[in-house]
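A quick write-up on the structure given underneath.
The values are calculated or read from the model by the stated rules, or taken from the named source; none is laboratory data. Quick caveat, the model's predicted, so the values are computed rather than measured. So basically every Cβ, Gly included, is an ideal-geometry build from the backbone, and we count neighbours across all protein chains shown.
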Amino acid sequence: MSREKRIKKKKLGSYPFVSVVFSVTLALFVMGLFGILLLLTNNLSKIIQENVEVQVFLNKNLSTNERTKIIKTLSVKDYVVRKDGEAQVQLITKEQAAKQFAKETGEDFVAFLGDNPLRDVVTVKISPEFHQEENLSEIKKEIQFIRGVYEVSYMQTLINSINKNVQKIGLVLVGFAILLLLIVVILIHNTIKLALFSQRFLIRSMQLVGATARFIRSPFLNRAIGFGLIAGFISIVLLAGVIHYADAQIEGLLSLVKLEQLGILSATLLVIGAMVGFFSTFAAMKKYMKMSLDELY
């Protein structure tokens, strides 16, 4: 009687739910964590690069209109960083610079010298795609030809160092991402393959009674996609909890990641879970359906 119940309970396409979903969820969760790390690193690198400045020192005794004209000329250049449609060009007058120096050092050199030897400066933030040395050199030459500009300065060594470090970090992270993706795919594939191992005799029984390959595969493939989507959803919920906790511990962490990026990452996890589940199940089914009876044992 008990044997008959066990046979009845074993349906086509059914295999361990908890173990498969747990394994796939764990794999996708780890991949999601790395994806968040990748986004944080990429966005932080972009912020650092977008804060690279070129300092444009102006001639003395320029009128307000002349300074405004220089700022407008620089603001329309395609190499200037724009945020919310506004060019990141800022004027720092010599009076502002003197006050800032006095505040930081506690010494009022203007009172001591009786004059302010500083110059008005326009800071221009340069887009990352123009950070190559030849591009910056051309930008410097172009700005120097603007009427009213005394000198153009930027820290080439620092910019080169930033570019090299960003490239190195990018290559390392991409390498890890590819390796992690391979590990996740292999882990999910092996998990599903082992889960289907218990169904091998049922698959053979269906073949013996004349069921088509498509009829046999369909329940398993549908179940695999469902398991992948469930695991993806659970991993997304876990990631949301981790992000919320991390943001509570590190103020402003979420500001480094855009909501649309998190949305794309979440969708990617769902797609990976469903696709890897589908193709792994398809490959395992194909293997078991071609096995001889001796190989099944």
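Summary table
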| quantity | calculated |
| --- | --- |
| Residue pairs meeting the criteria (Cβ under 8 Å; at least 6 apart or on separate chains; first within 13 Å of ARG67 (Cα to Cα), in the range 119-133; second among the aliphatic types (A, V, I, L, M) and outside any strand (DSSP E or B)) | ASP120/LEU62; VAL121/ALA97; VAL122/ILE70; VAL122/ILE71; VAL122/LEU74 |
| Residues that are over 23 Å from the mean Cα position of the chain (by Cα) and small (Gly, Ala, Ser), drawn from the range 121-145 | SER137 |
| Subset of the range 106-160 (residues that are farther than 20 Å from VAL52 by Cα and modelled with pLDDT of 75 or more) | ARG119, PHE145, ILE146, ARG147, GLY148, TYR150 |
| Selection status of SER266, part of a helix (DSSP H, G or I), among the small types (Gly, Ala, Ser) and modelled with pLDDT under 80 | no |
| Criterion (in a helix (DSSP H, G or I) and modelled with pLDDT of 85 or more) met by exactly one of GLY170, GLY226 | GLY226 |
| Among the candidates LYS168, LYS140, residue that is exposed (fewer than 14 other Cβ atoms within 10 Å of the Cβ) and of a type in the set (Lys, Arg) | LYS168 |
| Check on VAL242, surrounded by fewer than 16 Cβ atoms within 10 Å (Cβ to Cβ) and modelled with pLDDT of 90 or more | no |
| Test: GLU295 is assigned to a helix (DSSP H, G or I), acidic (Asp, Glu) and modelled with pLDDT of 85 or more | no |
| Residues of the range 249-267 that turn out to be β-branched (Val, Ile, Thr) and more than 11 Å from the chain's Cα centre (by Cα), as a count | 1 |
| Output for the range 182-194, where each listed residue is exposed (fewer than 15 other Cβ atoms within 10 Å of the Cβ) and closer than 19 Å to ILE36 by Cα | LEU182, ILE183 |
| Single match in ASN59, ASN43, ASN51 (criterion: within 16 Å of GLY148 (Cα to Cα) and modelled with pLDDT under 90) | ASN59 |
